[in-house]
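The values are calculated or read from the model by the stated rules, or taken from the named source; none is laboratory data. Values in this document were obtained by computation on a predicted structure and should not be read as measured data. Backbone-built Cβ (ideal geometry, glycine too); neighbour counts: all protein chains shown.
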Amino acid sequence: MAVEKSLTNEALAVRPQPAKAAKVMARGVDVHYGAKHALKEVTVDIPEKGVMAFIGPSGCGKSTFLRCINRMNDTIPTCRVTGKITIDDNDIYDPDLDVVQLRARVGMVFQKPNPFPKSIFENVAYGPRIHGLARSKTDLEEIVTSSLRRAGLFEEVKDRLGDSGTSLSGGQQQRLCIARAIAVEPDIILMDEPCSALDPIATARIEELMGELMESYTIVIVTHSMQQAARVSQRTAFFHLGNLVEEGPTELIFNNPRDQRTQDYITGRFG
Amino acid sequence: MTDIASSSSIPLGRRPNKSTDAAQARVRRRYRSEARFRAYGLIALAITTVFLVVLIAEVVRKGAPAFLQHSLLLDVSVPADLVPPDKRGDAAAIRGADYFPVTRDALMAAIPGIESRSAEKTLTRLLSPGAADRLANMIAADPSLIGQTVRVPLLLSANADLYYKGVGTPITSRPGRGIATPSGTTGEITILTSSNDFADDLVALKRRLGERSAALVVEADRLQRFGSAGLADKVRELREEAAALRDRFDHPKVEEALDGSLPSLLIAINGGLVKVTRLSDSAVSGDVLLPLSSQADAPSGAWNLVTYATPEGNRKAADQEVAFLERLRDLGAVDRHFNFRFFTAGDSREPELAGIRGALMGSALTLFVTLALCLPIGVMAAVYLEEFASKNRLTDLIEVNINNLAAVPSIVFGLLGLAMFLNFFGLPRSAPLVGGLVLALLVLPTIIIASRAALKAVPPSIKEAALGVGASHQQAVFHHILPLAMPGIMTGTIIGMAHALGETAPLLMIGMVAFIVDVPKSFTEAATVLPVQIYLWSDLPEPAFQYKTAAAILVLLVFLFAMNGAAIWLRKKFERRW
């Protein structure tokens, strides 16, 4: 069994890239925050649909890389990104690319639930409205309802869509943020430690939700919880000190890592 | 792990031992220091509170009388020839008519028997020059009143008004014992009494003379000690005066004259009032202030000796005026009412006619210009600096200079306004427009700083959330960050406006300090503002204006408190947690 597994591992490692082009391709991505070299030569492919998890100790650059995918790092004045990232073979750092369009395609869910201090309805409706996705009020209501339903929140809030988004519990707020992200029909959803501020029950609910959403979206999740990565993801990338150490199918990373650092991290020897 | 290991390796002796005397002393010292600190805070708070309470109590005490006004409620007969019959439809002609004879006659009718011109003049001076304004308005509204007798309040002059507000003199009265015989009913008369009714007054008077003589001697001695030659004459004069007083003091039974430096003595007899000018034990001579009804003898107890305790020289209302005012009060003609005029009239040289409407309108117009300029410019500048400006030397320089501007003395902005808006752009002097522009310069830095702080206080997670769903930077700012910062911006703006409302110095420079009677109606008319009005009034010598000053301060304070209250209310109402 063990032999077979290691063989599989070898086979996977040498196997060429799948014929179907990856959804997101990063080639030699370097990120500097001022003088700090935060991310070094990261090259990784993120396949379409399914969940990919980024793990690694704090400050290893996994969140930085995540924020490169929707160019959220642009908002940090000192941040400088080099290298190439493509989504569906389009270079997202192309000067002609409209970053707003990019972010509409690449939704994001943040570590701390951050609903707008507006009504639940407005929270979800904001994205479709600014992108002109709804032609009428009924359209918009339809989008809000379906987004909330897909985020598994609709039943809990259907009677109080006018209440403030901040009045919900932490787990509900995070699902509201997910509903807000999927309301603009993105291809990719980036989740930056989405469960770190939540209790285990809310976490389980979100993980379950990710399982449902991966059917239709490419999900990239940064997490500190290795159990979570193991539970929800098909592929896992391990970052350490700004380097992408190892990337591969989740099972292989956890059961049979190739790199000593990965081995040490997942067995809890540091971090 | 390593932390635990290292902490357990501290030798036992170095661990804090809570049972030793030194440790307990340390704890006691800490408690004492905390108690001391609390006490300092409480003392500071108490001192502040005392200052504030004293200040406000003093302003209220001085300002409250100005909100009341006294009028004489008299029957005025409006003569048929006041306005020619063909002009009775013309309100301006009615208002322009000469009401002085009308009001004078009404007053003379209330106190009959005044013959001397000077007494008549004193009587008519009790009324304000604007006494008949109310009457004129009534007639203008209803011209059929011409030829009829109307009961109407006539505004009293400031001095008469002040007298009724208690700035008069304590009045005491005691019945005469003997039978008093007046020698006439008007003019200068003598009154003889069958008893020595005036002996006590004469003794008191003589004693005063003795005291004054002694005081003059002391003064002369003091001057003499300086020994200067120039003072020799003065010393001699003082000594002569002292000797003369001494002489009068030494002859107790000799008749004495009263003067304005002594309390006034009056005799109320036969329905009239006589001011005593010369006094002996059983006879007085004096001037009739209010005519006597007859020359008949007044039996014991039917006449009174009246004393106005404050010497005539030390009060605003002369004996004659006091006599008139007391008589009018006895007649029930004095009407006390809320001083609406204070809020409806512009400035005036006559305190009883002066109001703050002009200053209030001026302040309102000025603040409107300030707000209309400051809010958009200030908020947009703050949004640009906080959200869009690239961080470089230029923006740093701008930022530092905005902070510097907030600290520039306001008079400098006034000079700038004078040089720029008046001299260069040729805008009208004293106009709310220019005042508003100058105050806008003054308040702009405050608003920019407050707005930037409010924008900065919006958590970045909100911006990230907006950007995350594909909002552009501008959409994120205008849809999310700015609305959330608005309560803070409003608070800063209101506090800046309150600052502008209370600002005086820069407005002096651009000529908003003029005496302006008309209530301004546009942004380019000459106007003044509340604090400048206060400054102007505080400078005037009339005591009535001192009350007006305090009253205007109260009005200003009410507005300032209301604005600050609104700021607090906004902050509380829109305060949110993320």
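Within the stretch B:525-539, the residues that satisfy the criterion of being in a loop (DSSP other than H, G, I, E, B), over 30 Å from B:Ser451 (Cα atoms) and in contact (Cβ under 8 Å) with a residue 12 or more places away in the chain are B:Glu525, B:Ala526, B:Ala527. Is at least one residue of the stretch B:478-494 under 24 Å from B:Gly63 (Cα atoms) and either assigned by TED's automatic domain parsing to the domain that holds B:Val54 or under 27 Å from the mean Cα position of the chain (by Cα) (or both)? Checked the stretch B:478-494: no residue is under 24 Å from B:Gly63 (Cα atoms) and either assigned by TED's automatic domain parsing to the domain that holds B:Val54 or under 27 Å from the mean Cα position of the chain (by Cα) (or both). Among the residues making up the stretch B:298-318, those that are outside any loop (DSSP other than H, G, I, E, B) and either farther than 29 Å from B:Ala550 by Cβ or of a type in the set (A, V, I, L, M) (or both) are B:Ala298, B:Asn304, B:Leu305, B:Val306, B:Thr307. Looking at B:Val288, is it under 19 Å from B:Leu202 (Cα atoms), of a type outside the set (Asp, Glu) and either at pLDDT 85 or above or in contact with an Asp or Glu (Cβ under 9 Å, 6 or more places away or on another chain) (or both)? No.
Within the stretch B:321-349, the set of residues being acidic (Asp, Glu), more than 14 Å from B:Gly130 (Cα to Cα) and surrounded by 14 or more Cβ atoms within 10 Å (Cβ to Cβ) comprises B:Glu321, B:Glu326, B:Asp335. Among the residues of the stretch B:212-236, those that are over 25 Å from B:Arg278 (Cβ atoms), at pLDDT 80 or above and surrounded by 13 or more Cβ atoms within 10 Å (Cβ to Cβ) comprise B:Val217, B:Glu219, B:Ala220, B:Leu223, B:Gln224, B:Lys234, B:Val235. Filter the stretch A:125-165 down to the residues that are hydroxyl-bearing (Ser, Thr, Tyr) and within 14 Å of chain B (Cβ to nearest Cβ) and list them by number. The answer is A:Tyr126, A:Ser147, A:Ser164.
For the stretch B:319-340, a tally of residues being more than 28 Å from B:Thr186 (Cβ to Cβ) and either among the hydrophobic types (A, V, I, L, M, F, W, C) or in a helix (DSSP H, G or I) (or both) returns 2.
For the structure I just gave you, tell me whether B:Met509 is away from chain A (no Cβ under 14 Å), over 22 Å from B:Ile377 (Cα atoms), touching a residue at least 40 places away in the same chain (Cβ under 8 Å) and crowded, with 20+ Cβ neighbours inside 10 Å. Taking the combined requirement at face value, the residue satisfies it. Screening B:Thr344, B:Thr310 for residues that are within 24 Å of the chain's Cα centre (by Cα), on the phi < 0 side of the Ramachandran plot and polar (S, T, N, Q) leaves exactly one candidate, B:Thr344.
Every listed requirement among (1) farther than 30 Å from A:Gln174 by Cβ; (2) buried (at least 19 other Cβ atoms within 10 Å of the Cβ) is met by B:Val400 save one, (2).
In the stretch A:122-237, which helices (runs of 4 or more DSSP H) lie fully inside it and hold 1 or more residues that are of a type in the set (Gly, Ala, Ser)?
Details: elements: A:137-150, A:154-157, A:170-182, A:200-213, A:226-232.
By residue number, A:137-150, A:170-182, A:200-213, A:226-232.
Would you call A:Glu247 in contact with a helix residue (DSSP H, G or I) (Cβ under 9 Å, 6 or more places away or on another chain) and surrounded by fewer than 21 Cβ atoms within 10 Å (Cβ to Cβ)? Answer is yes for this residue.
Would a scan of the stretch B:501-516 turn up a residue that is part of a helix (DSSP H, G or I) and hydroxyl-bearing (Ser, Thr, Tyr)?
Going residue by residue through the stretch B:501-516, those that are part of a helix (DSSP H, G or I) are B:501, B:505-509.
With the extra rule that they be hydroxyl-bearing (Ser, Thr, Tyr), the set shrinks to none.
Within the stretch B:501-516, not a single residue is part of a helix (DSSP H, G or I) and hydroxyl-bearing (Ser, Thr, Tyr).
The lone criterion from (1) touching a residue at least 12 places away in the same chain (Cβ under 8 Å); (2) within 13 Å of chain A (Cβ to nearest Cβ) left unmet by B:Met497 is number (2). Residues that are surrounded by 21 or more Cβ atoms within 10 Å (Cβ to Cβ), more than 14 Å from every other protein chain (Cβ to nearest Cβ) and under 17 Å from the mean Cα position of the chain (by Cα) occur at least once in the stretch A:182-196.
The residue that is nearest to B:Arg134 (Cα to Cα), among those in the stretch B:68-94 that are assigned to a helix (DSSP H, G or I) and not hydrophobic (A, V, I, L, M, F, W, C), is B:Lys87.
Restricting attention to the stretch B:341-381 and to residues that are of a type in the set (D, E, K, R) and not in a loop (DSSP other than H, G, I, E, B), the residue that is nearest to B:Gln474 (Cα to Cα) turns out to be B:Arg357. Residues that are outside any helix (DSSP H, G or I) and either under 25 Å from A:Pro194 (Cα atoms) or of a type outside the set (S, T, N, Q) (or both) are absent from the stretch B:491-498 altogether. Note on the stretch B:439-480: among residues that are touching a Lys or Arg at 6+ places or on another chain (Cβ under 7 Å) and among the hydrophobic types (A, V, I, L, M, F, W, C), the one that is farthest from the other protein chains (Cβ to nearest Cβ) is B:Ala476.
Among residues of the stretch A:58-110 being under 19 Å from the mean Cα position of the chain (by Cα) and of a type in the set (Gly, Ala, Ser), the one that is surrounded by the most Cβ atoms within 10 Å (Cβ to Cβ) is A:Gly107.
Looking only at the stretch A:60-78, filter to residues that are polar (S, T, N, Q) and touching a strand residue (DSSP E or B) at 6+ places or on another chain (Cβ under 6 Å); which one of those is nearest to the other protein chains (Cβ to nearest Cβ)? Here the residue is A:Asn70.
Here's the yes/no breakdown for (1) touching a helix residue (DSSP H, G or I) at 6+ places or on another chain (Cβ under 7 Å); (2) part of a loop (DSSP other than H, G, I, E, B); (3) assigned by TED's automatic domain parsing to the domain that holds B:Pro112:
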position: B:Leu262; (1), (2), (3): yes, yes, no
position: B:Leu265; (1), (2), (3): yes, no, no
position: B:Ala268; (1), (2), (3): no, no, no
position: B:Val276; (1), (2), (3): no, no, no
position: B:Val288; (1), (2), (3): no, no, no
position: B:Ser293; (1), (2), (3): no, yes, no
position: B:Ala296; (1), (2), (3): no, yes, no
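Looking across the stretch A:169-181 at every residue that is in contact with a Leu (Cβ under 8 Å, 6 or more places away or on another chain) and within 13 Å of chain B (Cβ to nearest Cβ), the one that is surrounded by the most Cβ atoms within 10 Å (Cβ to Cβ) is identified as A:Gln174. Scanning the stretch A:79-110 for residues that are more than 9 Å from chain B (Cβ to nearest Cβ), in a loop (DSSP other than H, G, I, E, B) and not charged (D, E, K, R) gives A:Ile92, A:Tyr93, A:Pro95, A:Leu97. Taken over the stretch B:383-413, the residue count meeting the criterion of being within 14 Å of another protein chain (Cβ to nearest Cβ) and not aliphatic (A, V, I, L, M) is 8.
Summed over the stretch A:35-45, the residues that are surrounded by fewer than 22 Cβ atoms within 10 Å (Cβ to Cβ) and either within 14 Å of chain B (Cβ to nearest Cβ) or among the hydrophobic types (A, V, I, L, M, F, W, C) (or both) give a count of 3.
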